[in-house]
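Okay, so here's the structure we're looking at.
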Amino acid sequence: GKTGNQAVALYSYFPTLNLVTYDFSGNLAQGYVQRQQANPDLTWETTTQSDIGLDGQLFNGRVSFGIDYYKKRTEGILLTLPVPGTLGLSGGPQNAGIVDNKG
């Protein structure tokens with residue numbers, strides 16, 4: 001099966017702006033500054049999983065056993081990666097990882 005995860009803030013694919021007040025030679029002026037880096041390519045984190053198993057009994061039910069195998073792959077893991085402080089804004093969420101589990 002395949003499932004998705006959209007655990008990010010609303011509108012994370014848009015740049016976020018904040019209203020700020022600046023001091024220009026003793027005069028106050030207002031303006032907007034970008035707070036968060038935008039990511040228009042942001043997608044859902046997706047997980048694909050498959051399982052196979054076998055259960056059985058021997059000797060009229062005196063011995064029972066079960067065998068299971070699973071494979072799970074998560075792609076496009078949603079992470080907020082650090083950006084240099086000189087940019088003056090925080091990094092936005094990105095699809096930045098893959099994890100494979102099996103056993």
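The values are calculated or read from the model by the stated rules, or taken from the named source; none is laboratory data. No experiment lies behind these values; they were computed from the predicted model shown. Every residue, glycine as well, gets a Cβ built from its backbone with ideal geometry; the counts of neighbours run over all protein chains shown.
The set of residues from the stretch 51-78 being free of Cβ contacts under 8 Å to residues at least 24 places away in the same chain and in contact with a strand residue (DSSP E or B) (Cβ under 6 Å, 6 or more places away or on another chain) comprises ASP51, ILE52, GLY53, LEU54, ASP55, GLY56, GLN57, SER64, PHE65, GLY66, ILE67, ASP68.
Residues that are within 17 Å of ALA96 (Cα to Cα), surrounded by 12 or more Cβ atoms within 10 Å (Cβ to Cβ) and among the charged types (D, E, K, R) within the stretch 34-51 comprise just one, GLU45. Under the condition of being over 30 Å from VAL99 (Cα atoms) and either in contact with a helix residue (DSSP H, G or I) (Cβ under 9 Å, 6 or more places away or on another chain) or hydroxyl-bearing (Ser, Thr, Tyr) (or both), the residues counted in the stretch 1-33 number 4.
Of TYR69, TYR22, all but one fail to be loosely packed, with under 12 Cβ neighbours inside 10 Å, part of a strand (DSSP E or B), modelled with pLDDT under 90 and not acidic (Asp, Glu); the exception is TYR22. Conditions first: (1) within 30 Å of ASN18 (Cβ to Cβ); (2) hydroxyl-bearing (Ser, Thr, Tyr); (3) in a strand (DSSP E or B). THR43 passes all but one, so which condition is the exception? Of (1) within 30 Å of ASN18 (Cβ to Cβ); (2) hydroxyl-bearing (Ser, Thr, Tyr); (3) in a strand (DSSP E or B), only one is false for THR43: (3). Selection of the stretch 61-103 for residues being of a type in the set (Gly, Ala, Ser), within 17 Å of the chain's Cα centre (by Cα) and closer than 30 Å to VAL20 by Cα yields SER90, GLY91, GLY92.
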